Amino acid sequence: AFYKAGEGLVAILNEVLYFARLEEGESRAELVGFSLRQLCQEVLALLDPMARDNGDALQLEIDEQLAEYQHGAEQYLRQVLSNLLANAIKFTEHGQVRLAVQVLASDQGSQRLRVSVNDNGIGIEPAVQARVFDRFVQASEAVARRYGGTGLGLAICKHLVEKLGGCIGLDSVQGQGSRFWFELDMARGQPVLASSPAPSPLASLDILVAVSYTHL
């Protein structure tokens, strides 16, 4: 119990510190080549144990028109997808959570994408929906007591999506589920070529590492 409580406290502190860095402009988007399709699969695979614990089924729906590779802030997108999906799983029990990527417009250099996370969980009451992307806002006091959390996850998503020039929103019916979505322009990318590892200059050395410690 103490271990779980400590884990939860560390997670809360990390989220607060991360949001503070975002607000102060310390976080910079690194633009890289990547596959959005693969990124979605990786995030779903990472959260699959959490979904199984809640009895949820995860689904992925990718528009066939989506370019094979993208160029952009992969780490920001990974954070947004992880937050939205974790929220959907957290507030859905024995239900379904679906991640969908839709191509809204396309040209030679970029595509306009709409990414949505749909669930059939507890939903959000209308009075809270307008404020749900604000800092430290929870769906309700009862939800905060039952599920915990900092109320920063969605604020982080909004901040990151807007830094990428996109917009974010939701549609929800209390007791029936929610659909969180964001839209943004994503540049087309090139295949990422894996570079061959350089030979290690220490390959021929025998190294002994000794570690000593004392109990406090």
Whole Å is fine, so just give me how far the alpha carbon centre of region 151-194 lies from that of region 41-87. 11
Taking amide H positions as placed 1.01 Å from N in the peptide plane, with prolines and chain starts having none, which residues 5 or more places from GLN96, or on another chain, fall under 5 Å of its amide H? ALA57, ASN120
Modelled label-to-label distance, LEU31 and HIS94, 7 Å Cα→beta-carbon offset: nm? 4.9
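Readers should treat all values here as calculations from the given coordinates under stated rules, not as data from a laboratory. Bear in mind the structure is a predicted one, so any value in this text is a computation, not a measurement. Cβ coordinates were reconstructed from backbone atoms using ideal geometry, including for glycine residues, and neighbour counts include every protein chain displayed.
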